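A.B. asks: If you scroll down you'll find the structure; I have some questions about it.
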Amino acid sequence: MPSRRDMLFLLAAAAVAGGSAPRALAAPLAAAGQSDLRGAIDAVEYRAIPESGDRKTRNLQQMIEQAARENMPVFLPPGTYRVSNLNLPDNTRITGVPGASRLVYTGEGHLLTATNVRRIELSNLVIDGGNRWLGDYAGGLVQFTGVDEVLMDNCEIGGSRKHGLQLERCGGRIERSRISGAAEAGLYAVDSANLSVTGNTITDCGNGGILVHRWKKAEDGTVVSGNRISNIRANDGGTGQNGNGINIFRADGVMVVNNHISDCAFTAIRANSASDIQISNNQCRRSGETAIYVEFAFEGAVVSANMIDGAANGISIANFDEGGRLASVTGNVVRNLTLKGPYKHEVGFGIGIAAEADTLISGNVIEGAPRWGMQIGWGPYLRNVVVSGNVVRKAPVGCAVSVADGAGTAVITDNVFQETAEGAVLGFQWEKKVSDEMAGGAPYKQLTVERNRVS
């Protein structure tokens with residue numbers, strides 16, 4: 001049974017919505033004597049006039065603040081609450097009826113925000129921005145800054161003119177929620193600490209799905225797992241800044257695992273200057289550019305057991321010239337690539353797996369790469385790459401390895417190449433082919449090429 005004080009908050013929430021207390025609670029509350037209610041929350045204090053957005057916001061704000069002081073949750077019964085500029089105090093807990101308790105933004109600055117507090121908890125709410133203007137100071141429809149623990153569960157966020165949910169210097173869990181129709185990213189998290197983003201659905205966003213960024217490169221540790229992300233556009237253009245399902249930037253120690261990502265304008269999973277990243281067991285379908293991209297100043301990446309079906313390129317481990325190095329690419333399936341990409345690329349699109357420095361490429365299956373099955377190095381940017389035990393089918397060139405001046409060591413052994421019409425293993429100086437078939441042995445001392453099967 002809910003306590004007398006809990007029932008008062010239920011009644012108060014109903015008053016804010018312009019409704020009445022649930023029938024089951026009305027009798028116990030009516031039966032309570034005035035002496036029993038002395039010192040408790042008076043629901044009349046929070047009664048709102050539905051036509052008055054300002055008054056309703058003020059009354060709901062007062063109720064949230066009182067509940068936080070009393071260490072109690074606020075329950076919003078089914079209904080539409082047309083409000084704006086709610087500032088959540090420490091220890092706010094707001095819950096509702098899934099799909100029926102709606103906070104609708106009236107367009108006067110921001111909807112929900114909290115700054116430098118310990119804990120905020122939201123559950124079972126619909127948060128609707130209505131595509132209305134947000135203040136210049138607001139990065140998202142819902143924005144939390146310096147919150148030690150944000151707990152959001154089973155909420156819906158839609159119609160934001162900026163990010164759907166923005167977190168800065170926050171930890172906690174964002175789970176089982178749905179974010180759609182954001183003009184920018186569905187979820188933008190910067191300088192996180194112990195953040196988990198799990199089991200969410202993010203769709204139809206203008207520039208990104210889930211963004212995990214830092215202002216300066218440092219340990220982050222965010223876990224992004226079990227999310228469904230689809231239909232991510234790149235409305236602001238560029239060559240990869242936008243249009244990514246999951247984008248990790250300068251954030252070290254992040255895990256991106258078990259996500260289903262489809263129909264992104266650019267990349268399903270893009271890690272830029274993100275060291276010690278793990279990208280495993282993801283489904284990446286119909287990516288407009290490279291399905292999985294690990295680029296620029298990173299050290300340490302594991303890319304394993306991902307399924308890639310449809311992209312311009314499959315997996316790219318790039319930018320040794322910027323310090324990008326040290327990776328393991330194992331057990332991935334890459335198929336159905338295309339020569340067509342969203343911009344003109346110096347190498348061109350249609351490449352299954354590419355890597356440049358201190359990388360193991362092993363146990364992968366590549367089928368249908370219309371340019372090269374694998375690209376090992378680019379110009380002088382090649383060092384210590386091992387290519388072993390892979391299967392490449394239906395690619396004009398099975399493995400293109402750089403033999404340009406300054407290119408370093410590569411070992412290419414025990415691979416299977418089938419239907420590679422132009423050659424299984426060929427040497428390139430930049431984009432120019434300069435060798436005959438090398439699958440059985442290479443005339444370059446920095447290369448070990450042996451025991452490959454060609455059919």
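The values are calculated or read from the model by the stated rules, or taken from the named source; none is laboratory data. Model, not experiment: these values are computed from the prediction. Because the Cβ atoms are built from the backbone with ideal geometry, glycine has one as well, and the counts that use them run over all protein chains shown. Note: accessible area is taken over every heavy atom of the protein model, side chains too, but ligands, DNA and RNA are not part of it. Shrake-Rupley method; radii C 1.70, N 1.55, O 1.52, S 1.80 Å.
A.B. asks: What whole-number volume per residue, in cubic angstrom, does the convex hull of the C-alpha atoms of the range 74-180 give?
C.D. replies: 77
A.B. asks: When the convex hull of the C-alpha atoms of the range 270-367 is computed, what volume per residue in Å³ does it have?
C.D. replies: On the way: hull volume 7.6 nm³, N = 98.
About 78 Å³ per residue, rounded to a whole number.
A.B. asks: For the range 162-246, rounded, prolate or oblate, judged on the Cα gyration tensor with a ≥ b ≥ c (square roots of eigenvalues), a/c < 1.5 rounded, else prolate if a/b > b/c? Could the numbers behind the result be given before it?
C.D. replies: On the way: a/c = 1.94, a/b = 1.25, b/c = 1.56.
The shape class here is oblate.
A.B. asks: Please work out the FRET efficiency for the pair Leu151 and Asp414, using the Cβ-Cβ distance as r and a Förster radius of 45 Å; give the result to the nearest 0.05. Could the numbers behind the result be given before it?
C.D. replies: Numbers: r = 49 Å, r/R0 = 1.10.
So, using R0 = 45 Å, E works out to roughly 0.35.
A.B. asks: How large is the charge dipole for the range 282-355, taken about the Cα centre, if only the Cβ atoms of Lys, Arg (+1) and Asp, Glu (-1) carry charge, to the nearest 20 debye?
C.D. replies: The dipole magnitude comes to about 380 debye.
A.B. asks: Next up: When the accessible area of the chain is split by element with a 1.4 Å probe, what percent falls to carbon and sulfur?
C.D. replies: The C+S portion of the solvent-accessible surface of the chain is 47 percent.
A.B. asks: With point charges of +1 on the Cβ of Lys and Arg and -1 on the Cβ of Asp and Glu, referenced to the Cα centre of the range 190-306, which listed residue (Asn242, Val212, Asn194) lies farthest in the positive direction of the dipole?
C.D. replies: Farthest towards the positive pole: Asn242.
A.B. asks: What nm distance separates the two modelled labels at Glu108 and Asn258, each placed 7 Å from Cα along Cα→Cβ?
C.D. replies: Here the modelled spin labels are 4.4 nm apart.
A.B. asks: Given a 1.4 Å probe, how much area per residue of the range 249-390 is accessible, in Å²?
C.D. replies: On a per-residue basis, the range 249-390 sits at 31 Å².
A.B. asks: Taking only the Cα atoms of the range 313-455, how large is their convex hull per residue, in Å³?
C.D. replies: In the range 313-455, the Cα convex hull volume per residue is 89 Å³.
A.B. asks: Past the 26 Å Cα-Cα mark, which pairs from Lys394/Lys433; Lys344/Lys394; Lys162/Lys217; Lys217/Lys432; Lys216/Lys344?
C.D. replies: Lys217/Lys432; Lys216/Lys344
A.B. asks: Here's something else I'd like to know. So if I restrict to the alpha-carbon atoms in the range 371-445, what is the Rg, and what is Dmax, the biggest pairwise distance, in Å?
C.D. replies: Gyration radius and largest Cα-Cα distance of the range 371-445: 11.1, 31 Å.
A.B. asks: Rounded to whole Å and sorted largest first, what semi-axes of the equivalent ellipsoid does the C-alpha gyration tensor of the range 328-389 yield via the square root of 5 times each eigenvalue? Write down the numbers at each step before the final one.
C.D. replies: On the way: eigenvalues 78, 53, 11 Å².
Square roots of five times the eigenvalues give 20, 16, 7 Å.
A.B. asks: Step through the residues of the range 315-331 one at a time and calculate ³J(HN,Hα) from phi using the Karplus curve (6.51 cos²θ - 1.76 cosθ + 1.60, θ = phi - 60°), rounding each to whole Hz and writing x for Gly and Pro.
C.D. replies: 10, 10, 10, 10, 6, 4, 5, 9, x, x, 6, 6, 8, 10, 10, 9, x
A.B. asks: Among the trypsin sites (Lys or Arg not before Pro) within the range 305-350, which fall in a DSSP loop and have no more than 15 other Cβ atoms within 10 Å of their own Cβ?
C.D. replies: Loop-located and lightly packed - Lys340, Lys344.
A.B. asks: With N set to the number of residues, divide the alpha-carbon radius of gyration of the chain by 2.2 N^0.38 Å and report two decimals.
C.D. replies: On the way: Rg = 27.0 Å, N = 455, 2.2 N^0.38 = 22.5 Å.
Cα-based Rg divided by the globular estimate yields 1.20.
A.B. asks: Something else about it: Whole-Hz ³J(HN,Hα) for each residue in the range 360-365, computed from phi via Karplus 6.51 cos²θ - 1.76 cosθ + 1.60 with θ = phi - 60°, x for glycine and proline: what do you get?
C.D. replies: Listing the rounded values in order: 9, 10, 8, x, 9, 10 Hz.
A.B. asks: Explain nothing, just the number: relative contact order of the chain, from Cα pairs under 8 Å at least 6 residues apart, as a whole percent. Show your work: numbers first, answer last.
C.D. replies: Details: 1515 pairs, mean separation 26.1, N = 455.
About 6 percent, as a whole number.
A.B. asks: Which order do Glu70, Glu219, Glu437 take when ranked by solvent-accessible area (1.4 Å probe, heavy atoms of all protein chains), largest first?
C.D. replies: Most to least solvent-accessible, the answer reads Glu219, Glu437, Glu70.
A.B. asks: Also, quick follow-up: Taking the dipole about the Cα centre of the chain, with the C-beta of Lys and Arg at +1 and of Asp and Glu at -1, give me whichever of Cys264, Phe298, Gly348 is farthest to the positive side.
C.D. replies: Cys264
A.B. asks: Working only with C-alpha atoms, what are the Rg and Dmax values of the range 178-293, expressed in angstrom?
C.D. replies: Looking at the range 178-293, its Cα Rg and Dmax stand at 12.3, 32 Å.
A.B. asks: Determine the equivalent ellipsoid of the range 107-243 by diagonalising the alpha-carbon gyration tensor, then write out the semi-axes as square roots of 5 times the eigenvalues, largest first, rounded to whole Å.
C.D. replies: Details: eigenvalues 76, 62, 47 Å².
Equivalent ellipsoid of the range 107-243: 19, 18, 15 Å, largest first.
A.B. asks: Rounded to the nearest 0.05, what FRET efficiency do Asn231 and Asp90 give with R0 = 35 Å and r taken as the Cβ-Cβ distance? Could you check?
C.D. replies: Once rounded, the FRET efficiency stands at 0.45.
A.B. asks: On to the next question. Please name whichever of Ile279, Asn319, Val403 sits farthest to the positive end of the charge dipole of the chain, dipole taken about the Cα centre and charges placed at Cβ: Lys and Arg +1, Asp and Glu -1.
C.D. replies: Ile279
A.B. asks: If you don't mind, another one. So, R0 is 30 Å and r is the distance between the beta-carbons of Gln446 and Glu422; what FRET efficiency does that work out to, to 0.05?
C.D. replies: Result of the calculation: an efficiency of 0.85.
A.B. asks: How far apart, in nanometres, would the label points at Lys217 and Asp54 be if each is projected 7 angstrom from Cα along the Cα-to-Cβ direction?
C.D. replies: Calculated label separation equals 5.2 nm.
A.B. asks: While we're looking at this one, here's another question. How many nm separate the modelled label positions at Val302 and Tyr137, each set 7 Å beyond the Cα in the direction of the Cβ?
C.D. replies: 4.4
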